[in-house]
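The values are calculated or read from the model by the stated rules, or taken from the named source; none is laboratory data. Source: prediction; values computed, not measured. Cβ placement follows ideal geometry from the backbone for every residue including glycine, while neighbour counts extend to all protein chains displayed. With ligands, DNA and RNA removed, areas are computed over all heavy atoms of the protein, side chains included. Shrake-Rupley method; radii C 1.70, N 1.55, O 1.52, S 1.80 Å.
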Amino acid sequence: MKIAMLTSGGDCQGLNATMRGVAKTLYNEIGDVTIYGILDGYKGLIDGKYKKLKKEDFSGILTLGGTILGTSRQPFKKMKVIEENGVDKIKAMKETYKKLDIDCLVILGGNGTHKTANLLREEGLNVVTLPKTIDNDLWGTDVTFGFQSAIDVATDVIDRIHTTATSHGRIFVVEIMGHKAGWLTLCSGIAGGADIILIPEIPYDINKIKGEIEKRSADNKGFSIIAVAEGAVSLEESKMNKKEFKASRENMKQPSIAYRIADEIMAITDHEVRVAVPGHVQRGGAPNPYDRVLCTRFGAYAAYLIKEKKFGNMVGMKDGKIVAVPLGEVAGRLKTVPADNQMIAAARKVGISFGD
């Protein structure tokens, strides 16, 4: 059997652990397996850049962050576009696939990655995918690998901000990753004891945020922690169409939403506000124990799908069980935080504000 693996999109904790799970299971259950590593994501598949991997390449990488294969972002909307250099990307990817004479292409990635993976499936390639993203926004799985590790990092940041915010009596705005889905901000905000949590799914009213800060001040609480998703939107922005919203953000003077919210708060209150942006730190480092177990389970199940020739599926988790999810159901669908989510309800009950 011959398979190839690639990691696409932004890196995160658990990519290596998941590839290890796939490889070790195939080696143990099939034995005669050749595994190729496609370098730098879909770019490597397009350019024909790969290397033959050995068993020892999968040893010692359970706890290793990043990806041993490298990664890149290749926008799905440009996959069918013939570039100025004349390269037909879809044709080139199919040629690399045929050249290696592989039985299955294993793809690890998030939303954009899965759109392209489904495109390759439609082109006749045998594909099995694995759900990677710290945003936890992939449709068809309750959890993605990397998410829990990122929660640990973001929560630790909020924990540390608490001490300095308390010492100085300041308002701190902590910007957490997540452009369209607020899962990471919601979970780390609750875990870190944030006073206000702002996520893309719930537009915020700056006056409501002001009211919450003033309420805390009246209760002799001289500081507030605001956890903000990088994709948070104001009430006014939520009423804009896409063109208006894009123009509004392009004209925004501040480098990110956290800085804008900080400026807005200082403009209508007499509080001192500071901003903390952990950024890509949330993606880095070793996967936590939960993700190591999840990645191993995901990888082992992917190997099962390959062995049984059940191609065209993403490996996901549903109600605690690892399952196969048809790629056609996953591609192009985003899993956002629903308004009736129990975590939101619990957070409101303990006094956390969502700025609405």
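Would you mind listing the helices (runs of 4 or more DSSP H) fully within the stretch 171-271 where at least 3 residues are farther than 21 Å from Pro338 by Cα? Spell out the reasoning first.
On the way: elements: 183-191, 206-218, 235-238, 242-250, 257-268.
The qualifying helices (runs of 4 or more DSSP H) are 206-218, 242-250, 257-268.
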(Q) For the structure I just gave you, tell me whether Ala247 is surrounded by fewer than 16 Cβ atoms within 10 Å (Cβ to Cβ) and among the small types (Gly, Ala, Ser). (A) yes
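Would you be able to tell me the number of residues in the stretch 72-111 that are of a type in the set (Lys, Arg) and either closer than 21 Å to Trp139 by Cβ or touching a residue at least 40 places away in the same chain (Cβ under 8 Å) (or both)? Full working, then the answer.
Residues of the stretch 72-111 of a type in the set (Lys, Arg): 73, 77-78, 80, 89, 91, 94, 98-99.
Retained after the next criterion (residues that are either closer than 21 Å to Trp139 by Cβ or touching a residue at least 40 places away in the same chain (Cβ under 8 Å) (or both)): 73, 77, 89, 99.
Adding up the residues that qualify gives 4.
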Q: State the number of residues belonging to the stretch 188-208 that are surrounded by fewer than 20 Cβ atoms within 10 Å (Cβ to Cβ) and either among the acidic types (Asp, Glu) or under 15 Å from Arg260 (Cα atoms) (or both).
A: 4
Q.
Here's a check for you: in the stretch 9-30, which residue that is in a loop (DSSP other than H, G, I, E, B) and modelled with pLDDT of 95 or more is farthest from Asp101 (Cα to Cα)?
A. Gln13
Q) Do we find that Tyr27 is touching a helix residue (DSSP H, G or I) at 6+ places or on another chain (Cβ under 7 Å), closer than 23 Å to Leu305 by Cα and either charged (D, E, K, R) or open to solvent by 20 Å² or more (accessible area, probe 1.4 Å) (or both) in this structure? A) yes
Q) Assuming Asp142 fulfils every condition listed in (1) open to solvent by 40 Å² or more (accessible area, probe 1.4 Å); (2) among the charged types (D, E, K, R); (3) not in a loop (DSSP other than H, G, I, E, B) apart from one, which condition is it? A) (3)
**Q.** Every pair of residues 6+ apart whose Cβ atoms lie under 6 Å, when the first sits in the stretch 112-128 and is under 12 Å from Val330 (Cα atoms) and in contact (Cβ under 8 Å) with a residue 24 or more places away in the chain while the second is open to solvent by 10 Å² or more (accessible area, probe 1.4 Å) and in a helix (DSSP H, G or I)
**A.** Gly112/Phe76; Lys115/Phe76; Thr116/Phe76
Q: Look at Asn136 and say whether it is among the polar types (S, T, N, Q) and either in a helix (DSSP H, G or I) or closer than 30 Å to Lys52 by Cβ (or both).
A: no
Q) Leu6: in a strand (DSSP E or B), under 24 Å from Asp101 (Cβ atoms) and touching a residue at least 40 places away in the same chain (Cβ under 8 Å), yes or no? A) yes
